[in-house]
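Q: The structure under discussion is supplied below as structure tokens; questions concerning it will follow.
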Amino acid sequence: MAEVIRTLILRREFWEINLSDRIKKIFKNLKEKNNKALISFSVAGFPDDQTSLEICKVLSDSGVHIHELNMPHAEAQADGPIIQLANIKSIKKGINLDKIFMIAEKLRLHNPNLGICLMGYLNNIFIYGIEKFAEKANKAGVDALICVDLPADVKEEKQIRDALKKVGISLIKLITPTTNENRIKEITMDAESFIYSVNLKGITGVKTVQVNEANQQIDRIKKYTNLPIVSGFGIKNPQDAKEIAKSNCDGVVVGSQIVKYIQENIDDKNLPQKVGSYVKTFVEVLK
Amino acid sequence: MTKNSLKNGPDEFGYYGEFGSRYAPEILMPNLIELEEAFNDAINDKKFLDEFNYYLKEWIGRPNPLYYAEQLTKKVGGAKIYFKSDHLNHLGAHKGNNALFQILLAKRMGKKKVLCETGAGAHLIATAAACAFKDLPCIGYMGRDDIFLQSTNVLKAKLFGAKVIECVDGTGEKGVLKDACTSVLKAWSSDPDAFYCCGSAIGPHPFPRIVQYAQSVIGKEIKEQILEKEGRLPDAICACIGGGSNLIGAIHEFLDDKEVKLYGVEPEHSAALTNGTVGIMQGFKSFMLQSETGDSTLATQSLASGINFYSAGPEHAYLKKIKRVNYTHVSDKEAFDAFQLVCKTEGILIAFEPAFAVGYGIKLAKEMGKDKLLVLNICGRGDKDIDTAERILGDKLE
Ligand SMILES: Cc1ncc(COP(=O)(O)O)c(C=O)c1O
């Protein structure tokens, strides 16, 4: 018994019961129905503030379970040309964190059940102020943060984790094909809400996922954690999503494809609705 | 290791004070740790160091002279000016010291492919050449604007067998050193088995430390040579700074010699250490010329591509913070005048980059008085810049 409690404490699940109840509930409900989560992604402020909000709303109406709202950064190290271009266009139109919190807040009002996850790079948060970021994100109804360039080695990782913990927001950890067993063990110990399994060696929106490798990685992670695992990078069509969903993962992320679809239909008057119908084709295959 | 020495390098997480570390995506973290371990192992291996020193001597041509620039000294009328002559290295710049070291390390690690970024192309040709003689394929990432400005270096790199990939920012409007840095980090993420040979004292830990280690040969030679010629340490050392490799190489050996004043000179319109704010991009924390929200870099400009950079290495950020090094800047015009002056007085065609060090060094020498010794780090030769010089001078060259 003592051993069980010790491992539970080590895994932090024990004392982090309160962290992002909403995301917990999402995965619990899906598990009961034997379904997988669809996690969508869009760039805040692209093509403009209002439209990007409308897109988020329509996505949440289309059956997406969690939405990743990207905080643009021009030198986005893990992003390919599709997301990078959207980032820069959004930056040129004057996006900033206050505006992003406004979008998140309105999305939260629109849908109380959607998991809202901010995603981006440390510098935006560092410059804004870590405590202030956590507070504002909480007020806006954000559930989680994915920060790409925030490994456990750097001082700000603990600062951000602690600041977010105070307000019940989870810091999501990424595991990639280069992450060895030891690191997986360490990373999963610190993880909260869910694990983001990066499917391939590379940046967003370029390579196509190799289903077998992606699934093997999920099994590798499962050995060390009971947290839900979502599988992302390289999922280019509903068929890919369907194949990935057959694995032990708990959710599938569609990112660059949505941004690319937005870019391709940027002049369409019904852009948000079109994006919604497009994403529905992913939702359908996961049912 | 001496306690409290400024020469001890970063802490175990790669921090110099609050600066540096490795703000990298998880995909690169195992690579960075592997590299750090391989580096620490290599610098404790006498055979490896002997090999490095052998090629520094036989291939790069070190030690190069600490040259008394007598005519320039007379013309300026102040401190006695010495040139540390890395422009005489094989490959024409200090970049070869570092490229040689890292390519020997890559070979020792059993790597099969090398990636590098470049500004002026000096690091590209150095890496390409080292890869050629160590039989490794080399892929260089270079900004589109720099490819245009430094076409002879691109040609040389290709002759050495390198593949050169053109980089632009996200919109495709511009392409400079910063864009090459982002591109090569992405390429490395996509091909993590490759070796990334970083060209300056920037990037995620352990790169700033590795580059400093390899370039410190410059300062070690300066110390030996000045003691031999003058029987004492110099009063000041001055070098240009982009990412900061030639500067850290020239001064590292002197960091604990508090009587030696140290100067780093940036271009006026990319003076990150004077005008920047603390930020985190491209894997490290340092002073940066960045937007108010930290979501992008500011556009920079310089006559010298190699030092046209929005930031500077983390060790420099630390040395600025503790006020050990004076960071300053000069204008393109001052640098170009210095470039011409060195041509006319000394018959030496220096690169545009060290012309910034000379531009400031001239002012400094005047303030210093005739009994003082000033070392200027001439980190590269100017063959690569003559097309631009011609464009600027036009008819005046007649
Ligand atoms: C001749 C020369 N000097 C200086 C530099 C600047 O780099 P660093 O500040 O790393 O010495 C370069 C970079 O390309 C260069 O080519």
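Q: Quick one: check the C-alpha center-to-center distance for segment B:108-148 versus segment B:149-193, whole angstrom.
A: Between the Cα centre of segment B:108-148 and that of segment B:149-193, the gap is 9 Å.
Q: Give the calculated FRET efficiency between residue A:273 and residue A:106 to the nearest 0.05, with a Förster radius of 25 Å applied to their Cβ-Cβ distance.
A: Working from the Cβ atoms, E equals 0.90.
Q: How much length is gained on full extension from residue B:230 to residue B:391, taking 0.36 nm per residue of separation minus their Cα-Cα distance?
A: 53.9 nm
Q: For A:278, B:360, B:23, what ranking results if the residue with the fewest other Cβ atoms within 10 Å of its Cβ goes first?
A: Listing A:278, B:360, B:23 from fewest to most nearby Cβ atoms yields A:278, B:360, B:23.
Q: Let me ask something else about it. Quick check: from the Cα gyration tensor, does chain B come out rounded (a/c under 1.5), prolate or oblate?
A: Details: a/c = 1.36, a/b = 1.22, b/c = 1.11.
In terms of gyration-tensor shape, rounded.
Q: Can you pick out the pairs among B:84/B:113; A:260/B:186; A:57/A:236; B:113/B:384 whose Cα atoms lie more than 24 Å from each other?
A: B:84/B:113; B:113/B:384
Q: Hey, another quick one. Of chain B, which part is the longest with no trypsin sites (Lys or Arg not before Pro) in a loop (DSSP not H, G, I, E, B) and with at most 12 other C-beta atoms within 10 angstrom?
A: Values: sites that count: B:3, B:112, B:232, B:258, B:323, B:370.
The longest such stretch corresponds to B:113-231.
Q: Also, I was wondering about something else. Where a ≥ b ≥ c are the square roots of the eigenvalues of the C-alpha gyration tensor, would you call segment B:225-351 rounded, which needs a/c under 1.5, or, failing that, prolate if a/b is larger than b/c, or oblate?
A: Oblate.
Q: Specify the inter-centroid distance of segment A:146-188 and segment B:323-356, based on alpha-carbon positions, in whole Å.
A: A separation of 45 Å, based on Cα centres.
Q: Then there is this: Go through B:96, B:23, B:83 and say which Cα lies farthest out towards the positive end of the charge dipole of segment B:10-167; charges sit on Cβ, +1 for Lys and Arg, -1 for Asp and Glu.
A: The residue sitting most towards the positive pole is B:83.
Q: Another question, if that's okay. Express in nm, to one decimal, how much length is gained between residue B:59 and residue B:159 on full extension, taking 0.36 nm for each residue of separation and deducting their alpha carbon distance.
A: Once the chain is fully extended between residue B:59 and residue B:159, it gains 34.2 nm.
Q: Would you look at the GNM of chain B, springs on alpha carbons closer than 10 Å, and say which of B:191, B:146, B:50 moves the most?
A: B:50
Q: Further, regarding this structure: Most exposed first by the Cβ proxy, i.e. fewest other Cβ within 10 Å, how do B:255, B:393, B:319 rank?
A: Taking fewest neighbouring Cβ atoms as first place, the list is B:393, B:255, B:319.
Q: With N set to the number of residues, divide the alpha-carbon radius of gyration of chain A by 2.2 N^0.38 Å and report two decimals.
A: The reported ratio for this selection is 0.93.
Q: May I pose another question? Give me the number: length gained by fully extending residue B:49 to residue B:363, i.e. 0.36 nm times residue separation minus the C-alpha to C-alpha distance, one decimal in nm.
A: 109.1 nm
Q: Give the cross-link partners of residue A:269 among the aspartates and glutamates, using a straight C-alpha distance below 17 Å as the criterion and excluding same-chain residues fewer than 8 apart.
A: Hits, sequence-local ones excluded: A:48, A:49, A:54.
Q: For segment B:221-292, which GluC sites (Glu not before Pro) are in a loop by DSSP, counting at most 11 other Cβ atoms within 10 Å? Mind dumping the intermediate values first?
A: Details: sites: B:221, B:224, B:228, B:230, B:253, B:259, B:268, B:292; in loops: B:259, B:292.
Passing sites in segment B:221-292 are B:259, B:292.
Q: Helix-only estimate, please: 222 nm mean residue ellipticity of chain B, summing -39500 (n - 2.57) across DSSP H runs of length 4 or more and dividing by its residues, to the nearest 500.
A: Computed ellipticity for chain B at 222 nm equals -12500 deg cm²/dmol.
Q: Using a Förster distance of 56 angstrom, determine the FRET efficiency expected from the C-beta separation of residue B:70 and residue B:109, and round it to 0.05. Could you put the intermediate results ahead of the total?
A: Details: r = 46 Å, r/R0 = 0.82.
Efficiency, rounded to the nearest 0.05: 0.75.
Q: Based on the Cβ-Cβ distance from residue B:12 to residue A:266, what FRET efficiency comes out when R0 is 51 Å, to the nearest 0.05?
A: The pair residue B:12/residue A:266 has a calculated efficiency of 0.60.
Q: Among DSSP beta bridges lying fully in segment A:2-285, give the percent that are antiparallel, nearest 5.
A: 0
Q: Separate question: Would you list B:331, B:305 from fewest to most Cβ contacts within 10 Å?
A: On the way: B:331 15, B:305 30.
By the 10 Å Cβ count, ascending: B:331, B:305.
Q: I would also like to ask the following. List the pair-distance distribution P(r) of the protein assembly as shown, using every Cα-Cα distance, as the percent of pairs falling in each 10 Å bin from 0 up to the bin containing the longest distance, rounded to whole percents.
A: 3, 16, 25, 23, 16, 10, 5, 1, 0, 0
Q: I've got another one for you. Would you please classify the overall shape of segment A:119-274 from the alpha carbon gyration tensor, given that a ≥ b ≥ c denote the square roots of the eigenvalues, rounded means a/c under 1.5, and beyond that prolate means a/b larger than b/c while oblate covers the rest? All intermediate terms of the calculation are to be shown ahead of the outcome.
A: Details: a/c = 1.97, a/b = 1.12, b/c = 1.76.
Cα axes put segment A:119-274 in the oblate bin.
Q: Within chain B, what percent of beta bridges assigned by DSSP are antiparallel, to the nearest 5?
A: If we restrict to bridges inside chain B, about 30 percent are antiparallel.
Rule-based calculations on the coordinates, nothing more; no lab input. Everything numeric in this text was worked out from a predicted model, so none of it was measured. No Cβ is skipped: glycine too gets one built from the backbone with ideal geometry, and neighbour counts run over all protein chains shown.
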